[in-house]
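Trainee: My structure is below; once you've seen it, I'll send some questions.
The values are calculated or read from the model by the stated rules, or taken from the named source; none is laboratory data. What you are looking at is a predicted structure, and each value in this text was computed from that prediction instead of being measured. Methodologically, a virtual Cβ is constructed for each residue, glycine included, from the backbone with ideal geometry; neighbour enumeration extends over all protein chains shown. Side chains are part of the model used for accessible areas, which takes the heavy atoms of the whole protein and leaves out ligands, DNA and RNA. Shrake-Rupley method; radii C 1.70, N 1.55, O 1.52, S 1.80 Å.
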Amino acid sequence: MEIGKVKLKNELVLAPMAGVNSLPFRLLCREAGAGLVSTAMVDVQGFLAKPEVFGQFLKEEAPLSIQLVTPDAKLAGAVAKKLERSCQLIDLNFGCPAGSATNTGRGAALLKDVGKVGEIVKSVSEAVKVPVTAKIRLGWKKIDAVEIGKACEKNGAAAVAVHARLFGEGYGIKSRWGEIKKVKDALSVPVIGNGDVWTGADAKRLLEATGCDGVMVGRAAVGDPDIFHRILHYFRTGEELALPSGKEKLEMFLKLLGLYRKHSLKERLGEVKKQAIWFSKGLVGGAEFRRRVSPLRSVEDVEALVNRTAQGAMN
Ligand SMILES: Cc1cc2nc3c(=O)[nH]c(=O)nc-3n(C[C@H](O)[C@H](O)[C@H](O)COP(=O)(O)O)c2cc1C
């Protein structure tokens, strides 16, 4: 897939995920084969006040997309300009449904105002040289995805990612891939389909059902970056690889810890513990492991617990 002048080595994209997509996690997803990784959403006002909260962005992550969230078109352009040297793409969030975002007019709240979406895309596209992309939901209360997608394209978006749910729809409702196809059919820029891809077969079906150019994977990668390797293997061979065993996932987690250490992020204990909990999903004795992680006071303690657990993991 090619987004503007940025050539990706495949069509797999790590979805932006707040609280999940730390630098070490993004590096593991790249290593597992993701063609593009994204940061969690970066609130532009928060970034201006405390940039260090949002972590580092490294050359070795490239291609990296930094996602911005704001209703302020001018500020979006200014922050995008500050960040463009740290990434290959700037993405704009028009989909976050959390009250903390929509109550202040950010994220999915923007789906109510197509003109405003266009304004933000235009401001950022004019401010930076890197390609600008938009990540949208289907609409606020009704499906407006084609109109919103067209507004993005018209105002300079080099690609549009579609998470095929309305603002108020949770994961209990299936991602409506048919609506992704409508956006794909209406736009000339690449369209990236998103929602409910858990396996190689899912990814292939999404590509075939919608004709879209890329596949964005979110929850399936949480605690399991190897999903990208499995999907690519499926694309090549038609064979669905087995899920990693609990022991393999703990080994992957130790690798993640090594990256936290390498990039001097050991102080991010809360983040490390959350990752430990996600990586322990499916582990025999996982509930006990998770109970023991919570009270730990240092990354070294987490590492020691993981090492002990990995030695005993029989699955
Ligand atoms: C923990 C979590 C955090 C998320 N944070 C963001 C975010 O920062 N920006 C965004 O555009 N979408 C965010 N999303 C939505 C995902 O990017 C994606 O659109 C959604 O999970 C559907 O894809 P999936 O079915 O592959 O998970 C988040 C999802 C999860 C589970």
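Trainee: Considering only protein heavy atoms and a 1.4 Å probe, what is the carbon-and-sulfur percentage of the accessible area of the chain? Display every interim value, and only then the final one.
Mentor: Values: 7240 of 13550 Å².
Exposed carbon and sulfur together represent 53 percent of the surface.
Trainee: Would you mind checking the radius of gyration and Dmax of segment 22-70 based on alpha-carbon positions, in Å?
Mentor: 11.2, 34
Trainee: Let me ask you something else. Can you give the local net charge around L14? Use residues other than it whose beta-carbon is closer than 13 angstrom to its beta-carbon, Lys and Arg +1, Asp and Glu -1. Spell out each step's value before the answer.
Mentor: Values: positive: R26, R30, K135, R219; negative: E11, E31, E61, D91, D224, D226.
My count for the surroundings of L14 gives -2.
Trainee: Excluding residues on the same chain fewer than 8 positions from K184, give the aspartates and glutamates whose Cα lies under 16 Å from its Cα.
Mentor: Result set, ordered by chain and number: E2, E11, D144, E147, E153, E208, D213.
Trainee: Also: Once you charge only the Cβ atoms, +1 for Lys and Arg and -1 for Asp and Glu, what is the size of the charge dipole of segment 2-237 about its Cα centre, to the nearest 20 debye?
Mentor: Here segment 2-237 has a charge dipole of around 240 debye.
Trainee: Next question, about the same structure. Using a simple charge model, +1 on the beta-carbon of Lys and Arg, -1 on the beta-carbon of Asp and Glu, nothing else, what dipole does segment 246-312 show about its Cα centre, in debye to the nearest 20? List each step's numbers first, then the result.
Mentor: Values: 15 positive and 8 negative charges, 24 e Å.
Once rounded to the nearest 20, the dipole reads 120 debye.
Trainee: While we're here: Mind giving me the FRET efficiency for K154 and A242? R0 is 45 Å, r the Cβ-Cβ distance, nearest 0.05 is fine.
Mentor: Values: r = 45 Å, r/R0 = 1.01.
Step by step, r from the Cβ atoms, then E = 0.50.
Trainee: Assuming R0 = 41 Å, what is the FRET efficiency of E300 and K141, from their Cβ-Cβ distance, to the nearest 0.05?
Mentor: 0.25
Trainee: Please report, largest first and rounded to whole Å, the three semi-axes of the ellipsoid equivalent to segment 77-130, where each semi-axis is the square root of five times an eigenvalue of the C-alpha gyration tensor. All intermediate terms of the calculation are to be shown ahead of the outcome.
Mentor: Numbers: eigenvalues 97, 32, 13 Å².
So the equivalent ellipsoid measures 22, 13, 8 Å along its semi-axes.
Trainee: Calculated from DSSP H runs of 4 or more alone, at -39500 (n - 2.57) each and per residue, what is the 222 nm mean residue ellipticity of the chain, nearest 500?
Mentor: Result for the chain: -13000 deg cm²/dmol, rounded to the nearest 500.
Trainee: A further question on this structure: Quote the Stokes-Einstein diffusion coefficient, in whole µm² s⁻¹, for the chain, based on the Kirkwood radius over alpha carbon pairs, a temperature of 20 °C and a viscosity of 1.002 mPa s. Please report the intermediate quantities before stating the final value.
Mentor: Working: Rh = 19.8 Å.
For these conditions, the coefficient is 108 µm²/s.
Trainee: Another question, if that's okay. Could you work out the percent of alpha carbon pairs in segment 246-312 separated by over 20 Å, rounded to a whole number? Working shown, then result.
Mentor: Numbers: 342 of 2211 pairs.
Tail of the P(r) past 20 Å holds 15 percent of the pairs.
Trainee: Over 29 Å between C-alpha atoms is what I'm after, so list which of K174/K274; K50/K150; K82/K204 land there. Could the numbers behind the result be given before it?
Mentor: Working: K174/K274 26 Å; K50/K150 34 Å; K82/K204 37 Å.
Over 29 Å Cα-Cα: K50/K150; K82/K204.
Trainee: Counting only residues 5 or more places away or on other chains, whose amide H sits under 5 Å from the amide H of S38 once H atoms are built in the peptide plane?
Mentor: Those lying under 5 Å, H to H, from S38 are L14, S65.
Trainee: If packing is taken as the average count of other Cβ atoms within 10 Å, what order do 240-246, 212-218, 169-175 fall into, highest mean first?
Mentor: 212-218, 240-246, 169-175
Trainee: Separate question: If you put +1 on each Lys and Arg Cβ and -1 on each Asp and Glu Cβ, how big is the dipole of segment 176-283 around its Cα centre, in Debye rounded to 20? Could you put the intermediate results ahead of the total?
Mentor: Numbers: 19 positive and 14 negative charges, 88 e Å.
The dipole of segment 176-283 has a size of about 420 debye.
Trainee: In Å², what does the accessible area per residue of segment 2-237 work out to with a 1.4 Å probe? Before the final figure, lay out each step's value.
Mentor: On the way: 9120 Å² over 236 residues.
Result: 39 Å² of accessible area for each residue.
Trainee: Find, to one decimal place in angstroms, the Kirkwood hydrodynamic radius of segment 172-228, where the mean of 1/r is taken over every pair of different Cα atoms and then inverted. Walk me through the intermediate numbers first.
Mentor: On the way: mean 1/r = 0.0858 Å⁻¹.
The Cα-based Kirkwood calculation yields 11.7 Å.
Trainee: Still on this model: Taking a probe of 1.4 Å, how large is the accessible area per residue of segment 246-312, in Å²?
Mentor: Working: 3580 Å² over 67 residues.
The answer is 53 Å² per residue.
Trainee: Let me ask something additional. Please give the contour-minus-distance gain from K266 to L58: 0.36 nm per residue of separation, less the Cα-Cα distance, rounded to one decimal in nm.
Mentor: Numbers: separation 208, 0.36 × 208 = 74.88 nm, distance 1.72 nm.
Extra length from K266 to L58 when fully extended: 73.2 nm.
Trainee: Taking square-rooted eigenvalues a ≥ b ≥ c of the alpha carbon gyration tensor, is segment 195-315 rounded, prolate or oblate, where a/c under 1.5 means rounded and, failing that, a/b exceeding b/c means prolate?
Mentor: Details: a/c = 2.59, a/b = 1.93, b/c = 1.34.
Prolate, since a/c reaches 1.5 and a/b exceeds b/c.
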